[in-house]
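The values are calculated or read from the model by the stated rules, or taken from the named source; none is laboratory data. Keep in mind the model is a prediction, meaning the values are calculated, not measured. All Cβ positions, glycine included, derive from the backbone under ideal geometry; neighbour counts span all protein chains shown.
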């Protein structure tokens, strides 16, 4: 598959993922009955400040869950879409459509004085200090002035995992090209912000015995399967509770609670020399996962 060339002079920075392995079957079944199957081609695009603001903002709101209200998401979205040589949006049919997924990296030191990034630095430091597995390294590193790359990624929940390896591989190539051009993307560490969840007692099931069993079997699960692979390469990783957890939200939030799913934040700190192997592990895992 050809790589997305975000730095070409003619501005064409798109890559088609029309390979059957990257096509999503809208109606997938293992039985022998006749069915209608719709193949959807996903494509990667460079950010366009005239098109991608609202799509990126919507996905950021999903990424930060109930804590999204704590940030200037508009300012953060502007910063992301204006940085159009790094990262990708993933869309269907046409560049003018809203993004189904996005991936980017921001230099925390370079943008530290900008209010949206200053808010994130304060928030992530506070959340890391509350986590035993993150407190020993993340807050000090974020505040140290080192070149830390903040990786933000999110996608709609029904997106096929096969679209993810090309997005990360393209970003690796773009970072390398940016470093060659003396741009501020030579990081010492990458701080990946994501989401996870725990399975808890469903609010639809009030049986005491089943609630007890659910508590006993509760464990960390990942909205994004790549996170489980990348954390194996991390210097530190851990979850944190959302500050605004428990506040009323849209129907989708209540649906999670009713089905016994409790979302939480998840962070991984990866050293620069471990980042490319971590990305490679995503492709290897998703390529073999059923």
Please specify each residue of segment 163-184 satisfying the condition of being surrounded by fewer than 22 Cβ atoms within 10 Å (Cβ to Cβ) and under 12 Å from residue 272 (Cβ atoms). 172, 176, 179
Which of the residues that make up segment 66-84 are modelled with pLDDT of 95 or more and under 15 Å from residue 264 (Cα atoms)? 67, 68
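Can you go through 148, 142 and tell me which one is touching a helix residue (DSSP H, G or I) at 6+ places or on another chain (Cβ under 9 Å) and either at pLDDT below 95 or surrounded by fewer than 22 Cβ atoms within 10 Å (Cβ to Cβ) (or both)?
Working: 148 fails: either at pLDDT below 95 or surrounded by fewer than 22 Cβ atoms within 10 Å (Cβ to Cβ) (or both).
None of the others qualify; the one that does is 142.
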When you scan segment 223-237, do you find a residue that is part of a strand (DSSP E or B), surrounded by 15 or more Cβ atoms within 10 Å (Cβ to Cβ) and either at pLDDT 55 or above or on the phi < 0 side of the Ramachandran plot (or both), even just one? yes
Residues being under 14 Å from residue 76 (Cα atoms) and outside any loop (DSSP other than H, G, I, E, B) - total across segment 97-110: 6
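Confirm whether residue 113 is free of Cβ contacts under 8 Å to residues at least 12 places away in the same chain and either under 24 Å from residue 166 (Cα atoms) or assigned to a helix (DSSP H, G or I) (or both). Please lay out each step first, then the result.
Details: free of Cβ contacts under 8 Å to residues at least 12 places away in the same chain: yes; either under 24 Å from residue 166 (Cα atoms) or assigned to a helix (DSSP H, G or I) (or both): no.
It is false that residue 113 is free of Cβ contacts under 8 Å to residues at least 12 places away in the same chain and either under 24 Å from residue 166 (Cα atoms) or assigned to a helix (DSSP H, G or I) (or both).
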Segment 256-290, subset in contact with a helix residue (DSSP H, G or I) (Cβ under 9 Å, 6 or more places away or on another chain), exposed (fewer than 15 other Cβ atoms within 10 Å of the Cβ) and modelled with pLDDT under 95, residue nearest to residue 136 (Cα to Cα): 284
I'd like the full set of residues that are crowded, with 18+ Cβ neighbours inside 10 Å and part of a helix (DSSP H, G or I), limited to segment 151-162. 162
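Could you look through segment 127-139, keep only residues that are part of a helix (DSSP H, G or I) and touching a helix residue (DSSP H, G or I) at 6+ places or on another chain (Cβ under 8 Å), and pick out the one that is nearest to residue 189 (Cα to Cα)?
Of segment 127-139, the ones part of a helix (DSSP H, G or I) are 127-129, 138-139.
Of the ones still in play, those that are also touching a helix residue (DSSP H, G or I) at 6+ places or on another chain (Cβ under 8 Å) are 128-129, 138-139.
Working: 128: 15, 129: 18, 138: 10, 139: 13 Å.
So the residue we want is 138.
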Here are some residues: 62, 119. Which one is closer than 30 Å to residue 262 by Cβ, touching a residue at least 12 places away in the same chain (Cβ under 8 Å), in a helix (DSSP H, G or I) and over 17 Å from the mean Cα position of the chain (by Cα)? 119
